[in-house]
Every structure is written in structure tokens, then in C-alpha cells.
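See below for the structure under consideration.
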Amino acid sequence: MALNPTDLFDIRSLLSEEERMIQDSVARFTDERVLPIIGDAFDQARFPKELIPEIAAMGLLGSSLPEKYGCANLNAVSYGLICQELERGDSGIRSFVSVQSSLCMYPIYAYGSEEQRLQYLPGMARGEIIGCFGLTEPHGGSDPANMKTVAKKDGGDWVINGAKMWITNGGVADIAIVWAQTDEGIQVSSSPRARRASPPRTCTAR
Ligand SMILES: Cc1cc2nc3c(=O)[nH]c(=O)nc-3n(C[C@H](O)[C@H](O)[C@H](O)COP(=O)(O)OP(=O)(O)OC[C@H]3O[C@@H](n4cnc5c(N)ncnc54)[C@H](O)[C@@H]3O)c2cc1C
């Protein structure tokens, strides 16, 4: 048997038929749609937003979440294959998909109310609502306990003060999952009024 240089341990032989189909279709997308344009997009310093509807139509956004929320309900192996194939084309495209899926859609699914799930997840699966995840701050990201962003309750609202940096999708997001210190310790909030950040990718919410 000829060795495949990109799969020396022949991992593919361990995959189910469905997992192989997913791997093949994302590989085709990467070859046909990402690789031909990604060099120019890099030179132009732009994110190829035109690919978002196709990525969504393939079921790649929130792919492991239930169909009830417009998602594909795939297993974790499939999600790994999706990310692996996208990463082969471009790390930014993979980041777009994994931040949307794991850092935004999953927390809404796991910790949000049913009302919030139904409000956000189907639109996020369709790529119509883009999410970002604001944890890292300008002074550092490895030590979240040292977070400087503060959220204070103001009647029925939260007022958040602070700065976030290196936020993937921050410049294009419609909703932000933001981490902040509160009187009860570090908490996370989702804000549909996330300010659209301009470069360098720093989101400051007031
Ligand atoms: C492409 C990209 C996308 C990103 N997207 C996001 C995003 O969507 N959302 C988000 O919140 N963040 C995002 N980040 C930020 C990322 O999570 C942080 O860069 C990361 O957490 C590290 O934080 P830092 O860069 O501030 O480094 P620092 O925390 O300042 O650390 C600097 C160096 O010191 C080392 N170090 C730190 N503490 C210790 C210690 N106690 N002992 C030994 N060594 C230590 C670290 O390993 C590192 O090498 C992104 C970063 C990149 C590069």
C-alpha cells in the first residue's frame, strides 16, 4: 500500500463512511474555493467574507450542535476533520469557523437560556450572525484571573468597562461573548451590541 505523506498513520482508514465524506467535501471546498483566492485576500489584508454563505450552507458553523438550532449534529471527529481541512487552506478561515462554533455558539448552547439559543443559534449557523469571543486583554492573555475588564450591574443592565485585544472576528462580529470581572468573580456576557472594532483588533465596550 502506498503511503499518503499527509496521513502517515493512515488515520483515514479508522474513519466512518460519513466522516470520510465530510473530510472529502471540506477538502474539495478548500481546494476549489479557498486556495485560489486566499493569497490575494492576504495581500489585500481582507477576510474573504464571500465564502461565509458557502461555509454555512455546508453545515460547518456549529456543526456539532443539534439540528433543532439549525446545526448539523455531527460528532467531534467530524468537527476535527472540518478544522483540519480548513486549516490546510488558511488558518484564518479555520479560526473563523472554530471561534464561531466553539467559542460563541457552544457557550450560548451550553449556558444560555432556551430563548437565547433560539434567538442566536439558527442565524449563526446560517452565517448571518457572526460571533467573537473577548477574553484576551492588551496586558496579557495567559492569566485570565488577572483580567482588568469590569462589569457592573446597573438596574437590569450590565455596564462593561475595559479593553480586549487579538479578538478573532472582532472586526466583523454582530455578537460578542465578553469576559469580565464582577463583584461575584469573573463572568461572561453576550452583547448583541458589540462595537465593530477597527484595526488593531481591540474591542472596548462601555
Ligand atoms: C491568531 C490569534 C487569534 C486570537 N484570537 C483570540 C480570540 O478570539 N479571543 C481571545 O480572547 N484571544 C485571542 N487571541 C489571544 C490569545 O488567546 C493570547 O495570545 C494568548 O492567550 C496568550 O496571551 P498573550 O499573547 O497576551 O501572551 P502573555 O499572556 O503575555 O504571555 C507571553 C508569553 O509568556 C508566557 N507565560 C505567560 N505566563 C507564564 C507563566 N506563568 N509561566 C511561564 N510562562 C508564561 C506565555 O506562554 C507566552 O509565551 C488570539 C491570538 C492569536 C495569535
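No value in this document is a laboratory result; all are computed from the given coordinates. Just so it is clear, the structure is predicted and the values come from calculations on it, not from any experiment. Every residue, glycine among them, receives a Cβ derived from its backbone with ideal geometry; neighbour counts consider all protein chains shown.
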Subtracting the Cα-Cα distance from 0.36 nm times the residue separation, let me have the gained length for Lys153 to Gln84 in nm, one decimal. 20.7 nm
Taking the stretch 26-176, the whole-percent share of alpha-carbon pairs separated by over 21 angstrom is 49
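Multiply the residue gap between Asp31 and Ser102 by 0.36 nm, knock off their C-alpha separation, and tell me the result in nm, one decimal place.
Full extension from Asp31 to Ser102 adds 23.1 nm.
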Which of Thr30, Pro48, Val77, positive extreme of dipole for the stretch 19-125 (C-beta unit charges): Val77
Cβ-placed point charges (K, R +1; D, E -1), dipole of the chain about Cα centre in debye, nearest 20: 780
Cross-link reach list, aspartates and glutamates versus Lys152, counting only Cα pairs under 14 Å and skipping chain neighbours closer than eight places: Asp183, Glu184
Derived scalar couplings ³J(HN,Hα) [the stretch 121-130; Karplus, 6.51 cos²θ - 1.76 cosθ + 1.60; whole Hz; x for Gly, Pro]: 5, x, x, 6, 5, 7, x, 8, 10, 9
Can you tally the net charge around Thr6? Count Lys and Arg as +1, Asp and Glu as -1, for every other residue whose Cβ sits under 14 Å from the Cβ of Thr6. -4
How much net charge surrounds Pro66 when only the other residues with a Cβ under 14 Å from the Cβ of Pro66 are counted, with Lys and Arg +1 and Asp and Glu -1? 0
Neighbourhood charge, 12 Å Cβ-Cβ cut-off, centred on Ala125 and excluding it, Lys, Arg +1 and Asp, Glu -1: +1
Name the residue farthest towards the positive end of the dipole of the chain from the options Leu14, Ile160, Ile177, assuming +1 on Cβ of Lys and Arg, -1 on Cβ of Asp and Glu, about the Cα centre. Ile160
Nearby lysines by direct alpha-carbon distance to Lys68 (threshold 27 angstrom, same-chain neighbours under 8 apart not counted): Lys49
Relative packing of peptides 24-30, 36-42, 88-94, 9-15 - highest average C-beta neighbours within 10 Å first: 88-94, 24-30, 36-42, 9-15
